[in-house]
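**Q** My questions all concern the structure below.
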Ligand SMILES: [Zn+2]
């Protein structure tokens, strides 16, 4: 009896231990599966302009999915979100946009209706307001084209890095490491642009363009900038604008004007005609990328490539002097 009881107790204990062990095993398997799905579920990120999409690619790498909604040659000032964009924006985990009233037709419509407004992050938010260009004629009072100064775009990169690391702490170290490399690339770009700009004699460092998108480039790299259109591409070109700009070009003997890929050439051609009517010849130089990068897969399809293209085009074209007509 005693022996039987002892045997039975051992059996019961064994059974209990077995059940307990199975339970532990099951819990552990569940934990591993949970952790795995947590790391495998990528953040769904949506960016507005292509320069921001490029930052997110560089910092987020293969740990996130990113969709850019404003592509090549598209004007962000005028861009209205499609039904597909609205759906993507609403479903995103994080939205990165420029802010400073650049994407006014997206922020003014979609963001207001979103339940979670905090997921929309303006990459320019971390920039000290004293470093922004005042543009009193533009809505909000600041010039939004900050990406044309690579040192300011580094601030935008830090904002993307910190947001991704905060939202997805498991991959924080990875985002920080990628951002460190990208920031070093941008720092080199900034220094190279300064060196290239310095090759143009100071009196020739005048940049005449279609719309006034290059104010930050001028400020950072030492060019005086004159835009035919204002900050916003919606502005109309008037006869007085054309006449005044033509007189300015002749007075300063500016050899080349630049068209940008986001706005029409018509206005700048009128300026060229007005200069010619006064016996001078001003060229229309290579196109500059203002508010969108070039074709994906080409050098200009990245932020760094686009900036290099712009500074090379400007520096090479401004070396000569305004010519009299033959
Ligand atoms: Zn613009």
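Read the figures in this text as sums done on the coordinates, not as results from a lab. As the structure is a prediction and not an experimental result, all values here were calculated from the model. Backbone-built Cβ (ideal geometry, glycine too); neighbour counts: all protein chains shown.
**Q** Calculated FRET efficiency, residue 312 and residue 72, Cβ-Cβ r, R0 25 Å, to nearest 0.05?
**A** With R0 = 25 Å, the Cβ-Cβ based efficiency is 0.80.
**Q** Subtract the Cα-Cα distance of residue 251 and residue 239 from 0.36 nm times their separation in residues, and report this length gain in nm to one decimal.
**A** 2.5 nm
**Q** Something else about it: Need one number: convex hull volume per residue for segment 224-326, Cα atoms only, in Å³.
**A** 107
**Q** What does the C-alpha gyration tensor say about the overall shape of segment 43-195? Classify as rounded when a/c is under 1.5, otherwise prolate if a/b is larger than b/c, or oblate.
**A** oblate
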